[in-house]
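J.: Sending over a structure as structure tokens; questions will come in a sec.
The values are calculated or read from the model by the stated rules, or taken from the named source; none is laboratory data. Bear in mind that the values here come from a model prediction, so they are computed numbers and not experimental data. Counting neighbours? That spans all protein chains shown, and the Cβs are built from the backbone with ideal geometry, glycine included. These accessible areas exclude ligands, DNA and RNA; they are computed on the full protein's heavy atoms, side chains included. Shrake-Rupley method; radii C 1.70, N 1.55, O 1.52, S 1.80 Å.
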Amino acid sequence: MKEKKTQFASRLGVIAVMVGTAVGLGNIWRFPYEAGANGGAAFMLLNFVLVFLLGVPLICGEFIIGRGSGVNVRQAFARLGGKNRGWGLVGYIGIASSVLILSFYSVIAGWTIEYFVESITGFSGATTTVELHENFERFVSSDWRPVMWTWIFLGCNFLILIRGVQKGIERLSSIFMPVLFLLLIVFCIHSLMLPEAGEGLKFLFAPDFSCLTPKVVLSAMGQVFFSLSLGLGALITYASYFKQETPLVKTAAVTAILDLLIAILAGVIIFPAVFSFHQEPTAGPRLVFEVLPSIFVGMPYGQVWAALFFLLLFLASLTSTLSMFEIFVAYLEQEFGLSRFKAVSVNLLIALVLSALCSASFGTLSGFRIFGLTIFELFDNFTSNILLPIGGLLIALFVGWKLPKSLVMKELEKGTRLQGGAPGRSGSSFVNEAILLSLRYFAPLCILLIFLWGLLKP
Ligand code: TRP
């Protein structure tokens, strides 16, 4: 098999791509409603702690496998797993989950395009919460409109991906991520000037620890996983394009901090608005699609704000789905020698079919249920509650116990001052040890908890 030479071009590009995959619907759509439903500040604080204890070590774990092997997720486990062929199967879990996640995630990303358009046209004249709810229901259950937007969204992915890793993914992320960040800051300033901003900030920043039930703890862990794109090899695939001098721990930390910061910014945007317009922070997944428009329509220049907000959500989703595509694309290219164009096309075709099924499960296929779940819910639950935690658990165990400690440490030290030097008691060698410790004990235990909860959840 010919060695793949694809690499990201610059340090800044790597950060843009990493933040691009991490920041998405998970931060701007999922985080606010999860935080809203789980007590606000206490949830956020917990999220903060878990990002560092669990998130950063697991990102490093995926990076080590990716750069250590330099190949796609399937071959990475096979190559580093040595004689034990079983590890090779782990890659397949990642590939399968990436296709499933892509299918349902694209449906919601498609909704953001509809809502961008509706913002400009005025939400079909709906202004009250009830009307906006009906408008939302009518849209998601209609036959062709949501599928059309989902396919257009997938088409955008296609056009970027065929340009390649550097010219497509890296270049686009390098342009979009700063734009996204600027838009977020503008929204924040706007939100902070609202009359009841203080109430919203209190909800987000003044923790009430009586809210910390086991369910909240476990939801926070699930959120960390999803938001950091962990568990199915997206980061393994991207890290296989890292240069040898890319410092892994620093890159992981910057990614995690920016991801967290952007989730907090999303909270600062949404909760002051929710409180100022007397809405419920606990509205759940509808929060962004029903509650926000009702807020926007009551604002001066509301249409412009709404359109900008959904544009922002669209951009954030797009840079995330690129990473889901890349997992399977890299595998097809390297395992079967397909051209990039063909590999992306194969993935696109599968995604077109599966995403249409997910979309139809809000309408025509809403009665079609497996284990009592619609196709959309099945894909969502099966990946978030089962495949992601299993993938994450296996990744932690693989790096913590299967890989030689020398390889793990060597990868963590590359590009830092520790490299090649005497193993002194410096700050970064302490951090590296802590990462290994988390991968060995803390991360597997945490993941096991999420997993059991996901299975036992009613
Ligand atoms: N992290 C992204 C978000 O917050 C979603 C995502 C992208 C993802 N790639 C992933 C989630 C891989 C799990 C696995 O929206």
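J.: Against the definition (more than 30 Å from residue 409 (Cα to Cα), open to solvent by less than 20 Å² (accessible area, probe 1.4 Å) and at pLDDT below 95), how does residue 274 come out, yes or no?
T.: On the way: more than 30 Å from residue 409 (Cα to Cα): yes; open to solvent by less than 20 Å² (accessible area, probe 1.4 Å): yes; at pLDDT below 95: yes.
Answer is yes for this residue.
J.: Then there's this: Any residue that is at positive phi, at pLDDT below 90, assigned to a helix (DSSP H, G or I) and out of contact with any strand residue (DSSP E or B) (no Cβ under 8 Å at 6 or more places or on another chain) - is there at least one of those in the range 105-124?
T.: yes
J.: Could you please find all residues in the range 232-251 being more than 13 Å from the ligand (Cβ to nearest atom), within 23 Å of residue 222 (Cα to Cα) and polar (S, T, N, Q)?
T.: 251 - this is the single residue of the range 232-251 that is more than 13 Å from the ligand (Cβ to nearest atom), within 23 Å of residue 222 (Cα to Cα) and polar (S, T, N, Q).
J.: Answer with yes or no whether residue 96 is within 16 Å of the ligand (Cβ to nearest atom), surrounded by fewer than 21 Cβ atoms within 10 Å (Cβ to Cβ), part of a helix (DSSP H, G or I) and under 23 Å from the mean Cα position of the chain (by Cα).
T.: Here the answer is yes, as residue 96 does meet what is asked.
J.: Failed condition for residue 77, given (1) in contact with a Gly (Cβ under 6 Å, 6 or more places away or on another chain); (2) under 20 Å from residue 173 (Cα atoms); (3) not small (Gly, Ala, Ser), with all others met?
T.: (2)
J.: Further question on the same structure: Please list, ordered by first then second residue, the pairs with beta carbon atoms under 8 Å, 6 or more apart or interchain, first in the range 370-392 and within 11 Å of the ligand (Cβ to nearest atom), second among the hydroxyl-bearing types (Ser, Thr, Tyr).
T.: 383/97; 387/97; 388/97; 391/97
J.: If residue 23 satisfies every condition in (1) away from the ligand (no atom under 12 Å from the Cβ); (2) of a type outside the set (Asp, Glu); (3) at pLDDT 90 or above; (4) open to solvent by less than 10 Å² (accessible area, probe 1.4 Å) but one, which is the exception?
T.: (1)
J.: Something else about it: Given the condition within 16 Å of the ligand (Cβ to nearest atom), among the aliphatic types (A, V, I, L, M), over 18 Å from residue 75 (Cβ atoms) and surrounded by 16 or more Cβ atoms within 10 Å (Cβ to Cβ), answer yes or no: does some residue in the range 327-337 qualify?
T.: Step one: list which residues in the range 327-337 are within 16 Å of the ligand (Cβ to nearest atom), which gives 327-331.
Remaining after also requiring among the aliphatic types (A, V, I, L, M): 327, 329-330.
So of that shortlist, the ones also over 18 Å from residue 75 (Cβ atoms) come out as none.
Within the range 327-337, not a single residue is within 16 Å of the ligand (Cβ to nearest atom), among the aliphatic types (A, V, I, L, M), over 18 Å from residue 75 (Cβ atoms) and surrounded by 16 or more Cβ atoms within 10 Å (Cβ to Cβ).
To keep it simple, each residue is scored yes or no on (1) part of a helix (DSSP H, G or I); (2) within 12 Å of the ligand (Cβ to nearest atom); (3) free of Cβ contacts under 8 Å to residues at least 40 places away in the same chain.
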{"residue": "172", "(1), (2), (3)": "yes, no, no"}
{"residue": "179", "(1), (2), (3)": "yes, no, no"}
{"residue": "187", "(1), (2), (3)": "yes, no, no"}
{"residue": "224", "(1), (2), (3)": "yes, yes, no"}
{"residue": "229", "(1), (2), (3)": "no, yes, no"}
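J.: Let me confirm something: among 206, 220, 234, which residue is at pLDDT below 90, in contact with a helix residue (DSSP H, G or I) (Cβ under 6 Å, 6 or more places away or on another chain), surrounded by 23 or more Cβ atoms within 10 Å (Cβ to Cβ) and hydrophobic (A, V, I, L, M, F, W, C)?
T.: Selected residue: 220, the only one of 206, 220, 234 that is at pLDDT below 90, in contact with a helix residue (DSSP H, G or I) (Cβ under 6 Å, 6 or more places away or on another chain), surrounded by 23 or more Cβ atoms within 10 Å (Cβ to Cβ) and hydrophobic (A, V, I, L, M, F, W, C).
J.: So which of 131, 170 ends up being open to solvent by 60 Å² or more (accessible area, probe 1.4 Å) and of a type in the set (Asp, Glu)? Steps first, answer last, please.
T.: Working: 170 fails: open to solvent by 60 Å² or more (accessible area, probe 1.4 Å).
Just a single option satisfies the conditions, and that option is 131.
J.: Continuing with this model, one more query. Filtering the range 277-292 down to residues that are assigned to a helix (DSSP H, G or I) and modelled with pLDDT under 85, which residue is surrounded by the most Cβ atoms within 10 Å (Cβ to Cβ)?
T.: Ranking the candidates gives 292 first.
J.: So residue 199 ticks every box in (1) open to solvent by 60 Å² or more (accessible area, probe 1.4 Å); (2) in a helix (DSSP H, G or I); (3) of a type outside the set (S, T, N, Q); (4) out of contact with any Phe, Trp or Tyr (no Cβ under 8 Å at 6 or more places or on another chain) but one. Which box is left unticked?
T.: (4)
J.: Taking residue 324 as meeting all but one of (1) at pLDDT 95 or above; (2) open to solvent by less than 10 Å² (accessible area, probe 1.4 Å); (3) within 17 Å of the chain's Cα centre (by Cα), write down the number of the exception.
T.: (2)
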